Each structure stands twice: as C-alpha cells, then as structure tokens.
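The values are calculated or read from the model by the stated rules, or taken from the named source; none is laboratory data. What you see is a predicted model, and the numbers here were worked out from it, not measured in a lab. Note that each Cβ is placed from the backbone with ideal geometry, even for glycine, and that neighbours are counted across all protein chains shown. Accessible surface areas use protein heavy atoms only, side chains included; no ligands, DNA or RNA. Shrake-Rupley method; radii C 1.70, N 1.55, O 1.52, S 1.80 Å.
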Amino acid sequence: NAVFLSGWNRNVSIVDNEMVFIGDNAIASWGKTQEWDGRGGDQPRFTHIANNYVHEIAFFEKQSSFYFMAKTAQATVENNIVFNIPRAAM
C-alpha cells in the first residue's frame with residue numbers, strides 16, 4: 001500500500017499525488033471495533049481523497065483497488081483519475 005490509515009485517524013487529506021507501480025492498494029484505511037461496535041471511535045474518519053492520478057497498481061496483489069476501506073467512516077473521494085488496475089477502483 002502506498003498510504004495506509006489504521007485505527008484512530010481524523011481529517012487526513014491525500015491530495016494531488018501520482019501513485020504508479022504500487023504492489024497492492026494505492027490507499028487503504030482500516031478501523032478497529034469491539035466486535036461490531038464502532039462507538040469507540042478507533043476508525044479513520046473525515047478522510048479527504050482528491051485530485052490523485054493513480055495507474056499501474058497491483059503488481060503483487062490481484063484483488064487490489066485504488067481505495068480500500070474497512071470499518072472506515074465519513075470519507076470523501078472526489079476528482080481522482082484511476083486506470084489500469086485489476087478490479088474496481090473502490
């Protein structure tokens with residue numbers, strides 16, 4: 001992964017980057033919960049991903065994507081250019 005957000009993260013901006021020849025996901029965010037209860041807030045929230053240019057990713061992991069999110073809340077993804085990836089962008 002080029003960028004990986006894990007656990008408690010707030011107001012992270014990933015803006016105006018070129019990500020190319022990445023072995024896995026370009027961006028991944030993964031929160032933590034108590035079983036299925038996310039009220040503890042240990043998740044990435046208010047992430048802003050904009051104006052990135054992403055291509056030729058997933059050389060090692062064929063289930064990769066531009067933005068992978070698990071147990072993540074309130075993210076904004078806008079105005080990105082993504083191509084030549086193995087599956088869905090998000």
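Considering only residues that are closer than 14 Å to residue 70 by Cα and either small (Gly, Ala, Ser) or open to solvent by 60 Å² or more (accessible area, probe 1.4 Å) (or both), which ones fall in segment 6-19?
6, 7, 8 - these are the residues of segment 6-19 that are closer than 14 Å to residue 70 by Cα and either small (Gly, Ala, Ser) or open to solvent by 60 Å² or more (accessible area, probe 1.4 Å) (or both).
Taking the condition of being of a type outside the set (Val, Ile, Thr), touching a strand residue (DSSP E or B) at 6+ places or on another chain (Cβ under 7 Å) and in contact (Cβ under 8 Å) with a residue 40 or more places away in the chain, how many residues in segment 14-66 meet it?
Going through segment 14-66 one residue at a time, the tally reaches 7.
Quick one: count up the residues across segment 68-80 that are modelled with pLDDT of 95 or more, outside any loop (DSSP other than H, G, I, E, B) and either more than 30 Å from residue 35 (Cβ to Cβ) or open to solvent by less than 30 Å² (accessible area, probe 1.4 Å) (or both).
Final tally of qualifying residues: 1.
Looking at segment 20-55 only, could you name the residues that are hydrophobic (A, V, I, L, M, F, W, C) and open to solvent by 10 Å² or more (accessible area, probe 1.4 Å)?
Across segment 20-55, the qualifying residues are 20, 21, 22, 30, 36, 46.
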